[in-house]
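The values are calculated or read from the model by the stated rules, or taken from the named source; none is laboratory data. In this text the structure is predicted, and so the values were computed from the model without any measurement. Cβ placement follows ideal geometry from the backbone for every residue including glycine, while neighbour counts extend to all protein chains displayed.
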Amino acid sequence: MQPNLALVKLLQLASPALPVGAYSYSQGLETAIESAIVQDEASALTWIEDVLSLSVATMEAPIFLRLCEAWGEDDLEAVQRWNALFLASRESAELRAETVQMGYSLAALVGNLGETHPFDTWPEVSFPAAFTYIAIRWHIDAQAALVAYLWSWAENQVLAAVKTVPLGQAAGQRVLAALGPALVQAAAHASRIADDEMSNMAPGLAVQSSLHETQYSRLFRS
């Protein structure tokens, strides 16, 4: 695939217009705002950076790269193993349901784009498993795909903060700009993590996500 065409395909995958429902989830951020843990631009940046460093960069991102490798080698057994591990690593019922719903939606979209996929027989497909499948099928570099995936995650977190804190649009862009180097570092760090070094130790996220299940007033599904 031509480099520019691969870039176009990657931008399509990372676009907020991708119809997988990402905009409807805050991943515990809404409850952190309700609890006054996040209440301004600085605290929003701190929350997102902490989730990135304590959870996403050390569990989700390395699993993402392993899924890319397994898809590239057509190793379906390894794909299913990493998919199952990622599902088991979710901190709450809401976060688990989120990745399954987004994975299902992306798998359906893959079919609507005229691509074949193996997910029809799967009981559950996580969002990273579906994302990496189409990325490898479109011959997108794994590291580039991961950076785009992390960017899409960060953008959704910032948009949730813009809506709910609320933050102004300029503040949201400042947070995204500040997150940029951390996203690149997270992707590079993920490539160096061994299987037995993966960790998902983010108790604050787990607590806030669990509290969201019974939060009285909410805009988001997680």
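Brief remarks follow.
- Where a residue in segment 75-95 is closer than 27 Å to residue 212 by Cβ and in contact (Cβ under 8 Å) with a residue 24 or more places away in the chain and its partner, wherever it lies, is surrounded by fewer than 15 Cβ atoms within 10 Å (Cβ to Cβ) and not acidic (Asp, Glu), with Cβ under 9 Å and at least six apart: 91/203
- Subset of segment 54-112 [of a type in the set (Ser, Thr, Tyr) and either surrounded by fewer than 19 Cβ atoms within 10 Å (Cβ to Cβ) or touching a Phe, Trp or Tyr at 6+ places or on another chain (Cβ under 6 Å) (or both)]: 89, 99, 105
- Of the residues making up segment 95-112, just one is among the polar types (S, T, N, Q) and in contact with a helix residue (DSSP H, G or I) (Cβ under 7 Å, 6 or more places away or on another chain), namely 99.
- Unique match (being closer than 26 Å to residue 88 by Cβ, without any contact (Cβ under 8 Å) to a residue 60 or more places away in the chain and small (Gly, Ala, Ser)) among 194, 154: 194
- Some residue of segment 205-221 being assigned to a loop (DSSP other than H, G, I, E, B), touching a Leu at 6+ places or on another chain (Cβ under 9 Å) and under 20 Å from residue 38 (Cβ atoms): yes
- Single residue of 116, 132, 99 found to be polar (S, T, N, Q), within 21 Å of residue 80 (Cα to Cα) and outside any helix (DSSP H, G or I): 116
- Which listed residue, of 152, 105, is among the polar types (S, T, N, Q) and farther than 26 Å from residue 181 by Cβ: 105
- When restricted to residues that are of a type in the set (A, V, I, L, M) and crowded, with 18+ Cβ neighbours inside 10 Å, segment 183-202 contains 6.
- Single unsatisfied condition, residue 23 versus (1) closer than 18 Å to residue 181 by Cα; (2) aromatic (Phe, Trp, Tyr); (3) surrounded by fewer than 20 Cβ atoms within 10 Å (Cβ to Cβ): (1)
- Some residue of segment 176-198 being at pLDDT below 95, under 13 Å from residue 57 (Cβ atoms) and part of a loop (DSSP other than H, G, I, E, B): no
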